[in-house]
1. Residue by residue through B:99-111, how many Cβ atoms from other chains fall within 10 Å of the Cβ on average?
2. Could you calculate the FRET efficiency of A:S125 with B:V123 from 1/(1 + (r/R0)^6), where r is the beta carbon distance between them and R0 is 51 Å, rounded to 0.05?
3. Subtract the Cα-Cα distance of B:W232 and B:T155 from 0.36 nm times their separation in residues, and report this length gain in nm to one decimal.
4. Using r as the Cβ-Cβ distance of A:Q46 and A:K67, and R0 as 25 Å, what FRET efficiency do you calculate, to the nearest 0.05?
5. Tell me which GluC sites (Glu not before Pro) from the stretch A:52-99 have a DSSP coil assignment and no more than 12 other beta carbons within 10 Å of their own.
6. Run the numbers for B:L165 and B:A213: contour at 0.36 nm per residue of separation, minus the present Cα-Cα distance, in nm.
7. Have a look at the protein assembly as shown and give its Rg and Dmax from the Cα atoms, expressed in angstrom.
8. If you filter the stretch A:55-112 for trypsin sites (Lys or Arg not before Pro), then keep DSSP loop positions with at most 14 other Cβ within 10 Å, what is left?
Amino acid sequence: MRRKRAFLLLWIVLTLAALAFGVADGSWLRHVPAKDHERKNPYEGQADAVAAGRLVYEDHCAKCHGKNAEGTTKRPSLRSARVLQEATEGDLHWLLMNGNMGRGMPSWSKLGDPQIWQVISYVRSLSR
Amino acid sequence: MVPAQGQIGQWRPWLRLLFVLLAAFISSHAQERPYFVTYSHEMEEPGNLEIEMFSAIGKPPTGNRFLASSTEFEYGATAWWTTEFYLDGQATWHDSTIFTGYRWENRFRPLLREHRINPVIYVEFENISADKALREVVGHDGRDDFLDTNAVARTDKAREIELKLIMGSNFRGWNLSENFIAEKNLKNQPWEFGYAVAASRPLKLAASSHKCAFCREKFMAGVEMYGGLGDWNSFGTRLTSHYLGPAVNWSAPNGMTLSFSPQFGLNDYSIPRLYRFGIQYEIEQVVHRFRRGE
């Protein structure tokens, strides 16, 4: 009886973990709430923000995503169509705030809104 | 007794080796909170190893001045799991310098997205004696614990399990963190409780568009308060120590973060003043570097 209960508990824990990772895995874009999707970058079109964003990118993002955002063996390129075209800047802000922890992407909420928008300005500038 | 020149000399080759190893890696620019006791919900980035040295200097009114240090190795196992190993030691004036033990902690973030309040579960095993690092205050910890000589204090080995519920929020650049601590000595002793709360903010939120060492965004300032909450048999804020103090840190351009906090005892059970300082150094993607033979 006790063993059955232990297995049941283990099953519940594993199922919850799988659900949590299932949500975190897959296409993060599908999980962005509408209000976040619509958010606008307050630094849009500002050259200073692109320059500042490049420095923040070099400090925090380059090691995983490559010096020129080309990606590394384990982490995706940020020059993909998904990042540069499909996702809105609001989507990217949501991703940086929340991370995609099941896939190894941490939350960068500690940077604060201004630096996150600056990084987005820099990443978006790569398509020009 | 203060460490003699000869004792420091013994460590010199190891210190040199440590600096050579650190210099061999390219560091990242950690954006750490200036807290010494309180944990925020922010985890170590996956694959990064952070080496931290935190020290506390204090003097109980009727005891000897002490310098206690913790060396910590914090590794981001995943984005939701951080593991950390500590080595602790202390030097007491007119007494001796001793290794006080080790700790192994793990922090798990159960919710994988950012919320208004983000919980983190903390589990630690520690095997220490004569510890003066004051990395937390629990139970009825007070300044009398600092009066025994090291020879006497180290005979009382504490093998303890420590659990923390860490809650953190980031809002408009501010971080607010609250910790509830429960600690159990594995010898037949009651659960002891404690708390820590802290708030901090960078001096400027937006980054500068040029490289700079002393820009305001490189500095973070805040305030920290912590203390005991008694034990299972006598829960409460009385008959235990409490501390409060400002805290500041600076993220240096070479990847090092320097922190400082003067802290003040809030009642007669507390040490009147503590001076805490810390150095943190983050090495990015440490396992991948070894695999690639860098």
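Throughout, read-outs are computed from the coordinates displayed, never taken from laboratory work. Remember, it's a predicted structure, so these values are computed and weren't measured experimentally. Cβ sites come from the backbone with ideal geometry, for glycine too, and all protein chains shown count toward neighbours.
1. Working: counts 0, 0, 0, 0, 0, 0, 0, 0, 0, 0, 4, 3, 2.
Per-residue shielding by partner chains comes out at 1.
2. Working: r = 43 Å, r/R0 = 0.85.
Computed FRET efficiency for A:S125 and B:V123 comes out at 0.70.
3. Value of the extension gain: 25.2 nm.
4. On the way: r = 23 Å, r/R0 = 0.92.
So, using R0 = 25 Å, E works out to roughly 0.60.
5. Those satisfying the criteria are A:E70.
6. On the way: separation 48, 0.36 × 48 = 17.28 nm, distance 3.54 nm.
Between B:L165 and B:A213, full extension yields 13.7 nm more.
7. Every Cα atom of the protein assembly as shown included, Rg and Dmax give 22.9, 70 Å.
8. When the trypsin sites (Lys or Arg not before Pro) of the stretch A:55-112 are filtered for loop state and at most 14 Cβ neighbours within 10 Å, A:K67, A:K74 remain.
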